[in-house]
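The values are calculated or read from the model by the stated rules, or taken from the named source; none is laboratory data. Computed from a predicted model, the values in this text were never measured in an experiment. Here Cβ is always computed from backbone atoms with ideal geometry, including for glycine, and neighbour counts include all displayed protein chains.
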Amino acid sequence: MYAVIDDRGRQAGVRVGDVIACDRNNEWGVGDTVKFDRVLVLTNEGDVRVGTPHVEGAAVTARVLGPIKGKKEVVFRFKRRKNVRVKRGHRQGYTQVEITGIEG
């Protein structure tokens with residue numbers, strides 16, 4: 001079984017057992033069970049259901065593994081001939097979840 005979910009504007013294709021990174025959500029605690037009810041596409045052994053915009057009655061459950069950080073992005077700004085150089089880094093925060101079930 002395969003599903004495409006919509007998590008606050010980001011789409012992800014998932015199967016049972018997959019581990020995905022969602023945008024940081026401080027309301028979710030480690031070990032909590034979350035439910036994604038905005039399922040866009042649901043497939044089951046050749047049977048494909050496409051939602052308009054969501055598949056009715058379909059849901060994906062997941063278990064929260066904890067917060068993680070993405071890879072480091074380096075932002076370098078400079079002005080030529082002025083001796084102005086600024087180097088900054090950024091690491092986006094994510095919440096890692098493991099898909100435990102797909103219903104629908």
What residue, among those in segment 19-33 that are touching a strand residue (DSSP E or B) at 6+ places or on another chain (Cβ under 7 Å) and in a loop (DSSP other than H, G, I, E, B), is modelled with the lowest pLDDT? Asn25
Quick one: would you say Arg85 is exposed (fewer than 11 other Cβ atoms within 10 Å of the Cβ), on the phi > 0 side of the Ramachandran plot and at pLDDT 95 or above? no
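For every residue, the table says whether it meets (1) in contact with a Phe, Trp or Tyr (Cβ under 8 Å, 6 or more places away or on another chain); (2) of a type in the set (Ser, Thr, Tyr); (3) surrounded by fewer than 16 Cβ atoms within 10 Å (Cβ to Cβ); (4) over 23 Å from Gln92 (Cα atoms).
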position	(1), (2), (3), (4)
Met1	no, no, yes, yes
Arg8	no, no, yes, no
Gly29	no, no, yes, no
Val48	no, no, yes, yes
Glu56	no, no, yes, yes
Pro67	yes, no, yes, no
Does Thr43 count as without any contact (Cβ under 8 Å) to a residue 12 or more places away in the chain, among the β-branched types (Val, Ile, Thr) and on the phi < 0 side of the Ramachandran plot? no
When you go through Lys87, Lys35, Lys79, Lys71 one by one, which is the residue that is free of Cβ contacts under 8 Å to residues at least 60 places away in the same chain, in contact with a Phe, Trp or Tyr (Cβ under 7 Å, 6 or more places away or on another chain) and of a type in the set (Lys, Arg)? Lys87
If we ask which residues in segment 53-71 are of a type outside the set (Gly, Ala, Ser), over 9 Å from Val39 (Cβ atoms) and under 18 Å from the mean Cα position of the chain (by Cα), their number turns out to be 8
Within segment 56-104, count every residue that is touching a Gly at 6+ places or on another chain (Cβ under 9 Å), closer than 17 Å to Arg24 by Cβ and not in a strand (DSSP E or B). 4
